[in-house]
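The values are calculated or read from the model by the stated rules, or taken from the named source; none is laboratory data. Values in this document were obtained by computation on a predicted structure and should not be read as measured data. All Cβ positions, even for glycine, are placed from backbone atoms using ideal geometry, and neighbour counts span all protein chains on display.
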Ligand code: ADP
Ligand code: ZN
Ligand code: ZN
């Protein structure tokens, strides 16, 4: 008897047994294929994990699978193992993990075959047509002209660009002047060498030595950590390493933070390589996403660029993985299947036996620790590439200073100076909206969200109060809701208020604001960036959206308006984050030939970590913070798992975690510390109460060994149906 063990996308932590569909007795069934099965009252698409010979269920209770969808496994072997391993490691239901690693159309059972791309080209008759005789048919004239310019043929994209409508092509096909043909992926036919345009840049000696080291070890697994300040030429190194990999006939996978997947980034790859590149960004349709996925899997796409989930893209001939800004938080998925794409990418590189390169100006402490443990190899770029030089830092003590709309006199003077020399200025403030607080001067009342333990942010355009945690919106009252006094006023600065203030201080200067609100409309970000590059705005105000991935050659002054929030953060990762953000923002200054200046406004100018960071640089700063982490038994020295619970009722989450704790107490050997349960830092969010339990261990294995059985026990608890609970392995945020 053959029994199919199928992973089904449900929150249940188990696999389900089915019999092969009738009539499939002689068919070979390989793990990794999709199978449609009846599940409850529905039919669902599951993935075959294993073919067994028996089941714990009596045979008459086993249902038949309905349809075998695939002949061959969807995922290549190494990737399939990675996904199975990830489900174990992150203690997440295997069915959900598998299905979330697939494009939606495949998840729903769609065909995994690449749509043929058709092109048009001239026939002999078409070539012979005297084009001038077509003066009365201007659209046909135009189409023939375009085709003559492209003797190898054009595709529908080319036609769109050339403004030729498809119906015109149909007419020409009828006249037998034009024929359709199937476009083969061009890389197979062409010489790869011609697909890589030679770089005009001459690598500096540091870059050369990095490229040489990595190129010498392209044939096996190795993790490189490339540390170099912003503008030191890391991207140039990725491009040159990728060129080598392409020349060996292999593919490259490039992961970038969400925020950095800009047309600018993509353009840099497209300018250098003419190989087919697939880009996974959030605006793709399901169909486009599937096409890209299949092009990668069949080897037609030679370079894949994408954000976190692209780590699951199958590759026919994987050659290298590159992760830019490896410290970035967006590599971690914060809901559902809570994986870290950087860590999975390293695991994948090991399984595929290929090199992986993590790059950053401010590497995560986890990666630096892995360098200390000799798991990763550190590569360093000390200088900025090309002509750009390092910016100068100024720390401005704003204690007891009279600030003009949040700007110190020192800053205003420097702004005037840079403006007079035609420099662009970037003001960084990590709060969008008009003001973070709306309060009553008469009684002290503060506008708060009804559904969260949080204050509402005042927005100017549109004029409303908004909760940045749950999205709740409320009208702005002029009267205090507590005492009815008409003395309600904004407190503090957000990007909108700063923009207004700047316009009063510098009336003739054009100011651009870049935050989530100003870039929400499709194409808005692109337009802002184009205008900034064209020099239409002299002052840029932005949140951390501006800090990464963008290249602003004209910016010469960067100012951080409030550095204190980051310095005084309660989270144990707060100082690491602050240093990363500060250096990333600072990295926007003086990227071209103009020298840059960075000004930091703070109430704590003597803060030892700030001083240390500016005096000795990031790696030395990181050493100090690592030592603190070791002392405090925090990651990366110790391992954490956070169990989060939420419910509408305030008591339930804590009660559920108390039970969790009792179960865990009976299971662990004493090496795993159990802390809590405690209410979450923001206990109420979107109307639900939240609590958490922290598990901490010096040994990863011991923690792992405990989590899987614990999860199974929790699932069996009756109360688990009254609350939402989740396990976060290696949590990055403790909220
Ligand atoms: P990073 O990725 O570290 O921020 P980039 O690779 O983007 O650095 O390089 C920063 C700028 O310096 C880019 O404009 C790039 O074209 C240029 N650049 C990089 N390497 C060189 C080089 N060897 N010579 C001249 N310019 C370079
Ligand atoms: Zn009041
Ligand atoms: Zn809210």
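You will find that of 246, 225, the residue that is away from ligand 3 (no atom under 16 Å from the Cβ), part of a strand (DSSP E or B) and touching a residue at least 40 places away in the same chain (Cβ under 8 Å) is 225 and no other.
Pick from 501, 485, 454: which is surrounded by fewer than 17 Cβ atoms within 10 Å (Cβ to Cβ) and away from ligand 2 (no atom under 16 Å from the Cβ)? The unique qualifying residue is 454.
Scanning for something free of Cβ contacts under 8 Å to residues at least 12 places away in the same chain, part of a helix (DSSP H, G or I) and either over 22 Å from residue 367 (Cα atoms) or within 16 Å of ligand 3 (Cβ to nearest atom) (or both), does segment 555-565 turn up at least one residue? Within segment 555-565, none of the residues are free of Cβ contacts under 8 Å to residues at least 12 places away in the same chain, part of a helix (DSSP H, G or I) and either over 22 Å from residue 367 (Cα atoms) or within 16 Å of ligand 3 (Cβ to nearest atom) (or both). Please enumerate the residues belonging to segment 75-104 that are farther than 16 Å from residue 31 by Cβ and part of a loop (DSSP other than H, G, I, E, B). 90, 91, 92, 93, 103, listed by residue number.
Looking only at residues of segment 443-470 that are within 25 Å of residue 581 (Cα to Cα) and either outside any strand (DSSP E or B) or touching a residue at least 40 places away in the same chain (Cβ under 8 Å) (or both), we find that the one that is nearest to ligand 1 (Cβ to nearest atom) is 468.
Could you tell me whether residue 576 is more than 16 Å from ligand 3 (Cβ to nearest atom), in contact (Cβ under 8 Å) with a residue 60 or more places away in the chain and in a helix (DSSP H, G or I)? In short, yes. Please go through segment 262-298 and pick out each residue that is touching a residue at least 60 places away in the same chain (Cβ under 8 Å), buried (at least 16 other Cβ atoms within 10 Å of the Cβ) and over 21 Å from residue 316 (Cα atoms). Answer for segment 262-298, where residues must be touching a residue at least 60 places away in the same chain (Cβ under 8 Å), buried (at least 16 other Cβ atoms within 10 Å of the Cβ) and over 21 Å from residue 316 (Cα atoms): 262, 265, 272. Screening residue 333 against (1) under 19 Å from residue 106 (Cα atoms); (2) free of Cβ contacts under 8 Å to residues at least 60 places away in the same chain leaves a single unmet condition, (1). Taken residue by residue, segment 722-733 has no member that is part of a helix (DSSP H, G or I), surrounded by fewer than 18 Cβ atoms within 10 Å (Cβ to Cβ) and modelled with pLDDT under 95.
For segment 267-300, the set of residues classified as modelled with pLDDT under 85 and either assigned to a helix (DSSP H, G or I) or out of contact with any helix residue (DSSP H, G or I) (no Cβ under 9 Å at 6 or more places or on another chain) (or both) consists of 283 only.
Is it fair to say residue 440 is more than 16 Å from ligand 1 (Cβ to nearest atom), in contact with a strand residue (DSSP E or B) (Cβ under 7 Å, 6 or more places away or on another chain) and either touching a residue at least 60 places away in the same chain (Cβ under 8 Å) or not assigned by TED's automatic domain parsing to the domain that holds residue 516 (or both)? Spelling it out, residue 440 is indeed more than 16 Å from ligand 1 (Cβ to nearest atom), in contact with a strand residue (DSSP E or B) (Cβ under 7 Å, 6 or more places away or on another chain) and either touching a residue at least 60 places away in the same chain (Cβ under 8 Å) or not assigned by TED's automatic domain parsing to the domain that holds residue 516 (or both). Looking at segment 547-559, is at least one residue touching a strand residue (DSSP E or B) at 6+ places or on another chain (Cβ under 6 Å), in the same structural domain as residue 413 (by TED's automatic domain parsing) and more than 16 Å from ligand 1 (Cβ to nearest atom)? Yes, segment 547-559 contains at least one residue that is touching a strand residue (DSSP E or B) at 6+ places or on another chain (Cβ under 6 Å), in the same structural domain as residue 413 (by TED's automatic domain parsing) and more than 16 Å from ligand 1 (Cβ to nearest atom). Among residues that are within 16 Å of ligand 3 (Cβ to nearest atom) and not assigned by TED's automatic domain parsing to the domain that holds residue 553, residue 485 is not included.
State whether one or more residues within segment 674-691 are part of a helix (DSSP H, G or I), over 30 Å from the mean Cα position of the chain (by Cα) and either without any contact (Cβ under 8 Å) to a residue 24 or more places away in the chain or more than 16 Å from ligand 3 (Cβ to nearest atom) (or both). No - not one qualifying residue is present in segment 674-691.
Given the criteria assigned to a helix (DSSP H, G or I) and closer than 30 Å to residue 708 by Cα, does residue 634 qualify? So residue 634 fails the test. Out of all the residues in segment 421-437, is one or more within 16 Å of ligand 3 (Cβ to nearest atom), in a strand (DSSP E or B) and more than 29 Å from the chain's Cα centre (by Cα)? Scanning segment 421-437, I find at least one residue that is within 16 Å of ligand 3 (Cβ to nearest atom), in a strand (DSSP E or B) and more than 29 Å from the chain's Cα centre (by Cα), so the answer is yes.
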